[in-house]
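This report refers to the structure that appears directly beneath it.
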Amino acid sequence: MKIRYLTLALASTLAFSLPAFADTVEVLHWWTSGGEAKSAAELKKMVEAKGHTWKDFAVAGGGGDNAMTVLKTRVVSGNPPLAAQVKGPAIQEWAAEGVLANLDDIAKTQKWDTLLPPVVANVMKYQGHYVAVPVNVHRVNWMWVNPEVLKKSGVKEAPKTWAEFDAIATKIEKAGFIAVAHGGQPWQDNTVFESVALGVGGPEYYDKAFVKLDPAAISSPTTLKAFDTLRMVRKHMDKDMSGRDWNLATAMIINGKAAMQFMGDWAKGEFTAAGKVPGKDYLCLAAPGTAKSFTFNIDSFIVFKQKNQDSKATNDFASAVLSDSFQEVFNQNKGSIPVRLGHDMSKFDACAQKSAADFVATNKSGGLVPSFAHQMAQPSAAQGAIQDVVSSFMNSDMSSKDAVAKLLEASKKR
Ligand code: GAL
């Protein structure tokens, strides 16, 4: 659903019917898995410590598709929450509707321009003004591995290329394990496709095809190869994957049923909540072919204009999110890394330390690219259409050639 057509409805409802939430901070988010809920609880604690009442507006459904649908309904009915978890280009789309609060004052007080990496700050601004506050940096192109399962399967090392992947996955299956833990939901399908495309084509191709949506790059043989590779990976997923939530797929790695999962590092929140230690109980490795790249996914909150706007609640919320203490505890639970530049990483685990180092290195090398599966790269209409194509490909016998043609059409949606 496009945001733009909501304009009229918004204009007529916002003016009259917004209740004043002087000290009630209602926050829409989709953090409902074990690790996610622990992280959200830290945000609640922080808001309450500033004297506000937290009103939880959690909409289950990984990746946030359900949450976005519910958000649109709430806004159209003239009753938006104070803040909502919204990311990437959708921030600009909401801002263009004129419904967001301007966060420049608090941004100036807290020096966001020097606190945040420019690549992050740019996403948070609309026409030069801050309209969103970032929480973290997630890396999406991870492969989570159970080393014990590899060992029991006689596999010495996890695959580093997609060419190695097929043979290794087959070996794991012969030993009686599931090679790839996956949840058959469109956003999870797209998450796997994204890492496959990056591994097959590299960051330059990825940028052209999936960020710039360049028709020539999309129609290139590289995209064909990406779909062929996705088909190969699909073959190594189990028959019960349909509809499975991502955290249940992570649990299959945790309890030794499956060997590998392609998922962003919110999966690490599940390992952490289960008391598992990286390097020992599980491995965090870059997806095959993507070691020198980093697909970033930045969780952020937009704040809606309220009638009788209480800027104290807005400012308290935004400043809490970017405070040092919140960044430390939230990100350790969430699996992400702090979004503040120069944050001391000494108390973080090895995966987070690697992520922080790679974020800086790829920012210099050109390997840092936005995650399209997590709404960081494409207009929301194109993103939804592309996700649909990938998901139909995963759930049918569509040829790679047809998938490329459909992808090209989908990329033109606005
Ligand atoms: C992502 C989001 C993460 C994580 C994940 C699964 O889109 O950025 O914070 O929660 O979905 O729900």
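The values are calculated or read from the model by the stated rules, or taken from the named source; none is laboratory data. Bear in mind that the values here come from a model prediction, so they are computed numbers and not experimental data. Note that each Cβ is placed from the backbone with ideal geometry, even for glycine, and that neighbours are counted across all protein chains shown.
Output yes when any residue across region 327-335 is within 16 Å of the ligand (Cβ to nearest atom), of a type in the set (Val, Ile, Thr) and more than 15 Å from VAL27 (Cα to Cα), and no when none is.
Within region 327-335, the subset within 16 Å of the ligand (Cβ to nearest atom) is 327, 329-335.
Pick out the ones that are also of a type in the set (Val, Ile, Thr) and you get 329.
Next, from what is left, pick out any that are more than 15 Å from VAL27 (Cα to Cα): 329.
Yes: one or more hits.
Can you go through GLY342, GLY275, GLY279, GLY366 and tell me which one is surrounded by fewer than 18 Cβ atoms within 10 Å (Cβ to Cβ), more than 16 Å from the ligand (Cβ to nearest atom) and within 30 Å of ALA226 (Cβ to Cβ)?
Values: GLY342 fails: within 30 Å of ALA226 (Cβ to Cβ); GLY275 fails: within 30 Å of ALA226 (Cβ to Cβ); GLY279 fails: within 30 Å of ALA226 (Cβ to Cβ).
Among GLY342, GLY275, GLY279, GLY366, only GLY366 is surrounded by fewer than 18 Cβ atoms within 10 Å (Cβ to Cβ), more than 16 Å from the ligand (Cβ to nearest atom) and within 30 Å of ALA226 (Cβ to Cβ).
Which ones in region 120-159 are away from the ligand (no atom under 16 Å from the Cβ) and under 23 Å from the mean Cα position of the chain (by Cα)? Show your work before the answer.
The first filter runs over region 120-159 and keeps only residues away from the ligand (no atom under 16 Å from the Cβ), leaving 121-122, 125-131, 143, 145-159.
The answer is ALA121, ASN122, LYS125, TYR126, TYR130, VAL131, MET143, VAL145, ASN146.
Hey, can you tell me all the residues within region 112-136 that are β-branched (Val, Ile, Thr) and touching a helix residue (DSSP H, G or I) at 6+ places or on another chain (Cβ under 6 Å)? Outline the logic, then answer.
First pass over region 112-136, keeping only residues β-branched (Val, Ile, Thr): 114, 119-120, 123, 131, 133, 135.
Within region 112-136, VAL131, VAL133, VAL135 qualify.
Considering LYS38, LYS45, which residue is away from the ligand (no atom under 16 Å from the Cβ) and at pLDDT 95 or above? Break it down stepwise before answering.
Values: LYS38 fails: away from the ligand (no atom under 16 Å from the Cβ).
Sole residue among the options that is away from the ligand (no atom under 16 Å from the Cβ) and at pLDDT 95 or above: LYS45.
On the given criteria, is GLN188 at pLDDT 95 or above and closer than 29 Å to GLY35 by Cβ?
Working: at pLDDT 95 or above: yes; closer than 29 Å to GLY35 by Cβ: yes.
So GLN188 passes the test.
(1) farther than 24 Å from THR362 by Cβ; (2) modelled with pLDDT of 95 or more; (3) out of contact with any strand residue (DSSP E or B) (no Cβ under 6 Å at 6 or more places or on another chain): which one isn't true of ILE253, the others all being true?
The one condition ILE253 does not meet is (3).
Looking only at region 389-404, count every residue that is under 20 Å from THR191 (Cα atoms) and touching a residue at least 24 places away in the same chain (Cβ under 8 Å) and tell me the total.
8
Please list, ordered by residue number, the helices (runs of 4 or more DSSP H) wholly in region 21-120 having 3 or more residues that are farther than 29 Å from GLU270 by Cβ. Let's see the steps before the verdict.
Working: elements: 34-49, 65-76, 89-96, 104-109, 112-115.
Passing ranges, in order: 65-76, 89-96, 104-109, 112-115.
If you scan region 158-182, which residues turn out to be among the charged types (D, E, K, R) and exposed (fewer than 12 other Cβ atoms within 10 Å of the Cβ)? Steps first, answer last, please.
First pass over region 158-182, keeping only residues among the charged types (D, E, K, R): 160, 164, 166, 171, 173-174.
Within region 158-182, LYS174 is the sole residue that qualifies.
Take region 373-393 and flag every residue that is closer than 18 Å to GLY62 by Cα and not small (Gly, Ala, Ser).
HIS374, GLN375, MET376, GLN383, ILE386, GLN387, ASP388, VAL390
Can you name the residue in region 238-254 that is within 18 Å of the chain's Cα centre (by Cα) and part of a loop (DSSP other than H, G, I, E, B) and, of all such residues, is surrounded by the fewest Cβ atoms within 10 Å (Cβ to Cβ)?
Among them, the one singled out is ASP245.
Counting only residues that are under 30 Å from ASN333 (Cα atoms) and among the basic types (Lys, Arg), which one in region 235-269 is nearest to the ligand (Cβ to nearest atom)?
Top of the filtered list is LYS268.
Which residues, taken from region 48-92, are within 12 Å of the ligand (Cβ to nearest atom), among the β-branched types (Val, Ile, Thr) and buried (at least 21 other Cβ atoms within 10 Å of the Cβ)? Steps first, please.
Narrowing region 48-92 to residues within 12 Å of the ligand (Cβ to nearest atom): 58-68, 85-88, 90.
In the following step, the residues that additionally are among the β-branched types (Val, Ile, Thr) were identified as 59, 86.
Scanning region 48-92 gives a single hit, VAL86.
Taking only region 121-160 into account, find how many residues are of a type in the set (S, T, N, Q) and assigned to a helix (DSSP H, G or I).
Initially, region 121-160 is screened for residues of a type in the set (S, T, N, Q), giving 122, 127, 136, 141, 146, 153.
Right, trim to assigned to a helix (DSSP H, G or I) and you get 122.
Of the residues in region 121-160, 1 are of a type in the set (S, T, N, Q) and assigned to a helix (DSSP H, G or I).
For every residue, the table says whether it meets (1) of a type in the set (A, V, I, L, M); (2) assigned to a loop (DSSP other than H, G, I, E, B).
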{"site": "ASN363", "(1), (2)": "no, no"}
{"site": "ALA377", "(1), (2)": "yes, yes"}
{"site": "GLN383", "(1), (2)": "no, no"}
{"site": "SER396", "(1), (2)": "no, yes"}
{"site": "ALA405", "(1), (2)": "yes, no"}
{"site": "GLU409", "(1), (2)": "no, no"}
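Inside region 161-222, counting only helices (runs of 4 or more DSSP H) that do not spill past its ends, which hold 2 or more residues that are closer than 20 Å to GLY63 by Cβ, within 19 Å of the chain's Cα centre (by Cα) and in the same structural domain as GLY256 (by TED's automatic domain parsing)?
Values: elements: 162-174, 186-206, 215-218.
Filter on region 161-222 gives 186-206.
Given the options LYS312, LYS347, LYS364, name the one that is at pLDDT below 95 and of a type in the set (Lys, Arg).
Working: LYS347 fails: at pLDDT below 95; LYS364 fails: at pLDDT below 95.
Of the residues listed, the single one that is at pLDDT below 95 and of a type in the set (Lys, Arg) is LYS312.
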